[in-house]
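The values are calculated or read from the model by the stated rules, or taken from the named source; none is laboratory data. Keep in mind the model is a prediction, meaning the values are calculated, not measured. FYI the Cβ positions are ideal-geometry reconstructions off the backbone, even for glycines, and counts take in every protein chain you see.
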Amino acid sequence: MASSNTEASESSKLDAKPIATETVKESSPTNVTAQDKPRPARTRPQRPNYFLIHSKPLPLETHPLPAFVPQNPLSLLRIAYIYLSQLISTPSSHPDVLITGIFSSETRSVHITDQKSIRALWEMGFFGKGTLSRSEPSWLDREKARLKASKHGGGTAEENTRKRREERKLFKLERARLEAEQIEETLRKERAALEAKKEVKDEEKATEIAISHVFPWMQQENANADFTEETQAVPAETAETKEPATNIVDVPILETGTTIHTTGIPPSSVPAETPLSTDVEAPITNQEHLQLNLEESFFLCYALGALTILNPSTSQPIPPPSLLTLFRRHSHFP
């Protein structure tokens, strides 16, 4: 009996193995088809990688040492080689051409006009503010988008946002006006009710006036009105209609002996010829520059040494001691 049970159990195990293999074989084609299925194409445009654009916190070049890997002893030799090479010939952390700005006493700020310097200061530390933008200097991109959208009959996102804000502002003003009118109407009704009570009392007193003083005066007024109507009435048959006179002038011409029948109205002005529209688009010049406040300018110039500030009258760089005195003098108004 024991031998028969062991044989039965072994046979059941042998029978179960092929079933598992068959299920694996059957499930494998479905996995392959799922992996081979093509992915749908992306419809939305890919956003820029801001982690890569703003990877540097300051407008300086850093030269860090490579990471040390304990499992690889050769990494220590690499670190020592780079360290010694930087000690012998130290690489510069500043760019070859420094950023140049012009001090403006009217706005109490420093203006940066070079486009590469503007992008460098904004992408490496978010320094400054665009003069025609809220923060990032993006006027040129917005202008291009506006011109492109105007051709297709639409508007940019900022224009739509500004339009919605104006609509909300007008709606709030209209709602406040209606509420004020409603309050004024209720107050007017209350005042009218109080005045009505006073008028009832006044009318009761007015009915007590003697009628003998009223009738003679009314008869005299009616007689005067009938007399003025009879004297001033004009029959409709004798009324003559006169046509409006026009300023007609006969201008004689001496050579031919003829006259020109003209009016006093000057000839209509001939519309000027409009130039033919061309499809050639003129390049858009960037009218925006970066504006640095006094604190940012002194930090970039004195602490980092990445900015050179020029005097607008002499076009010469301002030294840091004089710059501190200049900024302190313009830090308050007036």
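Before we move on, is Q46 at pLDDT 65 or above, within 51 Å of the chain's Cα centre (by Cα), surrounded by 10 or more Cβ atoms within 10 Å (Cβ to Cβ) and not assigned by TED's automatic domain parsing to the domain that holds L121? Answer is no for this residue.
Would it be correct to say that E159 is in contact with a helix residue (DSSP H, G or I) (Cβ under 8 Å, 6 or more places away or on another chain) and closer than 30 Å to P64 by Cα? No, not satisfied. Looking at R142, is it outside any strand (DSSP E or B), modelled with pLDDT of 90 or more and closer than 24 Å to P283 by Cα? When the stated conditions are applied, R142 does not pass them.
Any residue that is of a type in the set (S, T, N, Q), part of a loop (DSSP other than H, G, I, E, B) and in contact (Cβ under 8 Å) with a residue 60 or more places away in the chain - is there at least one of those in the range 122-131? Yes, the range 122-131 contains a residue that is of a type in the set (S, T, N, Q), part of a loop (DSSP other than H, G, I, E, B) and in contact (Cβ under 8 Å) with a residue 60 or more places away in the chain. In the range 160-180, is there at least one residue being surrounded by 11 or more Cβ atoms within 10 Å (Cβ to Cβ), touching a Ser or Thr at 6+ places or on another chain (Cβ under 7 Å), modelled with pLDDT under 95 and not in a loop (DSSP other than H, G, I, E, B)? Checking the range 160-180: not a single residue is surrounded by 11 or more Cβ atoms within 10 Å (Cβ to Cβ), touching a Ser or Thr at 6+ places or on another chain (Cβ under 7 Å), modelled with pLDDT under 95 and not in a loop (DSSP other than H, G, I, E, B).
Yes or no, residue by residue, for (1) loosely packed, with under 13 Cβ neighbours inside 10 Å; (2) aromatic (F, W, Y); (3) assigned to a helix (DSSP H, G or I); (4) touching a Gly at 6+ places or on another chain (Cβ under 7 Å):
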{"site": "P283", "(1), (2), (3), (4)": "yes, no, no, no"}
{"site": "Q287", "(1), (2), (3), (4)": "yes, no, no, no"}
{"site": "E295", "(1), (2), (3), (4)": "yes, no, yes, no"}
{"site": "C301", "(1), (2), (3), (4)": "no, no, yes, no"}
{"site": "I309", "(1), (2), (3), (4)": "no, no, no, yes"}
{"site": "S315", "(1), (2), (3), (4)": "yes, no, no, no"}
{"site": "P321", "(1), (2), (3), (4)": "yes, no, yes, no"}
{"site": "F327", "(1), (2), (3), (4)": "no, yes, yes, no"}
{"site": "S331", "(1), (2), (3), (4)": "yes, no, no, no"}
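Taken over the range 279-334, residues that are among the polar types (S, T, N, Q) and over 30 Å from E61 (Cα atoms) amount to 4.
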